[in-house]
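As structure tokens, the structure follows; a few thoughts come after it.
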Amino acid sequence: MKKISNFILGLILLFNFGLLNAHAYQNEKGIIGLMYHRFEENKYPTTNVRLKEFNLQLEIINQNKIEFISIDELRKILIENKSYDSKKVLITVDDAFRSFYDNGWKILKEKKIPFILFFNTREVNANNPNYMTWDQVREIHNSKIGTIGGHSFSHEYLVNKSESEIKEDLEKSHKDFLRELSFRPKYFSYPFGEYSSTFKKIVKEFNYELAFGQHSGVIDKSKDLFELPRYPVNESYGKAERFLTLLNTKPFPFKSFKPENKFITKFENPPKIEIEFFKEITNLEKINCFANDGGEWSKKKISFIEKNWIKVNLDKKFTTRTGRINCSLLDKDNQWRWLGFQFVVEGNN
């Protein structure tokens, strides 16, 4: 009888914990992840930010009283369930281009703004003049302002590789980190933002604690720790008006997403997409979803499986290597909830 009572009590506690989590997710302010690559390399506008724009972006963040946080602070929020009561911003930089060291690093160092630098080690090993050196990486690591994260060894399209090839690539990068920095990184950024269920599993096996893609959205406690979103910032998407818009977006928490694997075959294209939201999210009938199936962005028809469970109907196949879906919902406080997903289609270029 006592065992039955304990079992029932456990179910009640679990049910109440779920309600508390759902309520907390609904009201969470969120962490805006910003993804940068090149700084003042103006011949690469799709991955570059001009320094004038970068300084303005930092000023806009300060004017809106949004706090910059480090990746370790994000870890405490997501893994240790640390509470926070205001929106945060996390700056991430991919690839360790020399232009970041010459331009972006100076600004962040002067302003003491925390960030994480993800880079693949092959180009740094080779002393490629377009990339940072190990001494420069050490300088950032020792500053305690920047954190160093993993980005593979080769930065190739690893999602297309076999399980053994992916493991070999990551192991090479870890050997480089141990040789040059005496540690293995805890945080990872998928090359090109591409991942599969297999790739995710391997990243976990290599003891990474958080991993980031390149799909847009706001980080919150409901998100998969190994599929964290970031907003890309470049010359096109870094203008003040657009930048302020993304800073004002809110988390769009959800319970489940299908298909779980973001690497799909030609036979699974287009994917059958279902999203189950928490019941506490209201006004779901006003949700809008857009996708780039068929090679161009268009609004998608939404079907309701249940009140809080939708199907996003894609009209056509994804014709490019990367398929994207973005969903938004204007909340009652007149701010947009935002949610993005990225697929990789096998065989597409």
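The set of residues from the stretch 177-190 being closer than 21 Å to L74 by Cβ and either free of Cβ contacts under 8 Å to residues at least 60 places away in the same chain or touching a Leu at 6+ places or on another chain (Cβ under 6 Å) (or both) comprises F177, L181, F183, R184, P185, Y187, Y190. Among the residues here, I310 does not qualify as crowded, with 16+ Cβ neighbours inside 10 Å, under 25 Å from Y190 (Cβ atoms), outside the structural domain of K221 (by TED's automatic domain parsing) and in contact (Cβ under 8 Å) with a residue 24 or more places away in the chain.
Exactly one residue among E67, E80 is modelled with pLDDT of 95 or more, surrounded by fewer than 21 Cβ atoms within 10 Å (Cβ to Cβ) and out of contact with any Lys or Arg (no Cβ under 7 Å at 6 or more places or on another chain), and that residue is E80. If you take the residues in the stretch 224-241 that are aliphatic (A, V, I, L, M) and outside any loop (DSSP other than H, G, I, E, B), which one is nearest to H151 (Cα to Cα)? Top of the filtered list is L228. Residues in the stretch 54-82 that are under 20 Å from the mean Cα position of the chain (by Cα) and in a loop (DSSP other than H, G, I, E, B): I66, I69, S70, I79, E80, N81, K82. Of all residues in the stretch 102-121, those satisfying the criterion of being in a helix (DSSP H, G or I) and over 30 Å from G347 (Cα atoms) are D102, N103, G104, W105, K106, I107, L108, K109, E110, K111.
Output the residue which, of all residues in the stretch 249-303 that are part of a helix (DSSP H, G or I) and either in the same structural domain as I219 (by TED's automatic domain parsing) or not charged (D, E, K, R) (or both), is farthest from N326 (Cα to Cα). Ranking the qualifying residues of the stretch 249-303, first place goes to F267.
The values are calculated or read from the model by the stated rules, or taken from the named source; none is laboratory data. If you're wondering where the values come from, they're calculated on a predicted model, not measured in any experiment. Reconstructed Cβ throughout: ideal geometry from the backbone, glycine too, with neighbour counts over all protein chains shown.
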